[in-house]
Amino acid sequence: MNVVRASVFFVYIISISPVIIAQSEFMEAISSPIKLYSDNTDGFVVIGHRGASAYYPENTMTAFKAALEMGAEMIELDILLSKDGVPVVIHDETLNRTTNSQGLVNEYTADELQAMDAGSWFAPAFAGEPIPTLEDVLAFAKGKIAVNIEIKTEAVTDVVGGGIEQKSLELVKQFGMEEYVLFSSFDYRAIAHLRELDDDVATALLYEKKQSGNKTPVQLVSEYKANAFNCSYRQFNKKRASKLRAHNIPVFVYTVNKEKRMRKLIKKGVTGIFSDKPDLLSRLVDNMWENN
Ligand code: G3P
């Protein structure tokens, strides 16, 4: 699908006059701070939010594999630490909503977590779907799909080394995926720690009003030496959009499942959109290029 997008974009670029480019209702996307494995020349990134989580249990291998099949170029996932310090892929601090167990994730070892059922809550057909470790997902993703690793706030401490940031960064390096991974967090300490641990790793600030005080997105990105700004579509207003654009800061917007909203954001030049329905987003992007 991306090959189609790439060639449509190329034909589009060479067949229109500069005047039409100037009048285009599309703003060019600011390029992604990480590489993609897919052949993408339009600069826009289709992201499967927790995998293809509208159709499969979120943050499971089945959801990630489906996202890739549906045309996602990046998967987004959430990580916490198990009792024995292994980065595991799950969104909530407790197991209650998305597994057949109860209690805190960090009260169980990685082996115990992997034996749990993270699929039945979604539909009986997914019974026995395990909680993946970050290592499981990276082993699958390497060479196929870029990854946005969201470090959950509950796992972040004041300590720079030895925690979830260092453990996940080491795994990414072990798989040689440094250029294909974007780390993000609502806890800006994680972003600061990652930068202390590595000069080059790509990070994105997840916008959180309480933590951000009166600082603007541009100030925050610069203060934390981040590479991108991630926010909800509700927070992506005109003023923010133009300030970020003026500073050449890529913006990734979550979680957008409605076609009309996707279209509007793409026209505004966002670098990527997180969607639970990467199939819908991927098709829309293809059609937008074909028709413009
Ligand atoms: O990382 C984008 C988005 O997933 C952030 O919100 O609540 O899903 O972690 P949340």
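Let's see how each residue does on (1) away from the ligand (no atom under 16 Å from the Cβ); (2) among the hydrophobic types (A, V, I, L, M, F, W, C); (3) modelled with pLDDT under 95:
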{"residue": "S7", "(1), (2), (3)": "yes, no, yes"}
{"residue": "I20", "(1), (2), (3)": "yes, yes, yes"}
{"residue": "E25", "(1), (2), (3)": "yes, no, yes"}
{"residue": "A29", "(1), (2), (3)": "yes, yes, yes"}
{"residue": "N40", "(1), (2), (3)": "yes, no, yes"}
{"residue": "A72", "(1), (2), (3)": "no, yes, no"}
{"residue": "L77", "(1), (2), (3)": "no, yes, no"}
{"residue": "Q102", "(1), (2), (3)": "yes, no, no"}
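Out of curiosity, is A204 within 16 Å of the ligand (Cβ to nearest atom) and in contact (Cβ under 8 Å) with a residue 24 or more places away in the chain?
yes
Out of the residues in the range 74-130 that are in a loop (DSSP other than H, G, I, E, B) and of a type in the set (D, E), state the one that is surrounded by the most Cβ atoms within 10 Å (Cβ to Cβ).
E129
Six or more apart or on different chains, Cβ under 8 Å: which pairs go from a residue in the range 214-237 that's without any contact (Cβ under 8 Å) to a residue 60 or more places away in the chain and surrounded by fewer than 21 Cβ atoms within 10 Å (Cβ to Cβ) to one that's among the polar types (S, T, N, Q) and assigned to a strand (DSSP E or B)? Could you list them?
Y224/T203; K225/T203
Within the range 267-282, take every residue that is closer than 16 Å to N148 by Cα and of a type in the set (S, T, N, Q) and give me the one that is nearest to the chain's Cα centre (by Cα).
My answer is S275.
Checking the conditions here, which among A228, A139, A192, A123 is within 16 Å of the ligand (Cβ to nearest atom) and of a type in the set (G, A, S)?
A228
A192 versus (1) in contact (Cβ under 8 Å) with a residue 60 or more places away in the chain; (2) in a helix (DSSP H, G or I); (3) small (G, A, S): which is the lone unmet condition?
For A192, the failing item is (1).
The values are calculated or read from the model by the stated rules, or taken from the named source; none is laboratory data. For clarity, every value in this text was computed on a predicted model and none was experimentally measured. Positions of Cβ are backbone-derived with ideal geometry, glycine not excepted, and every protein chain shown enters the neighbour counts.
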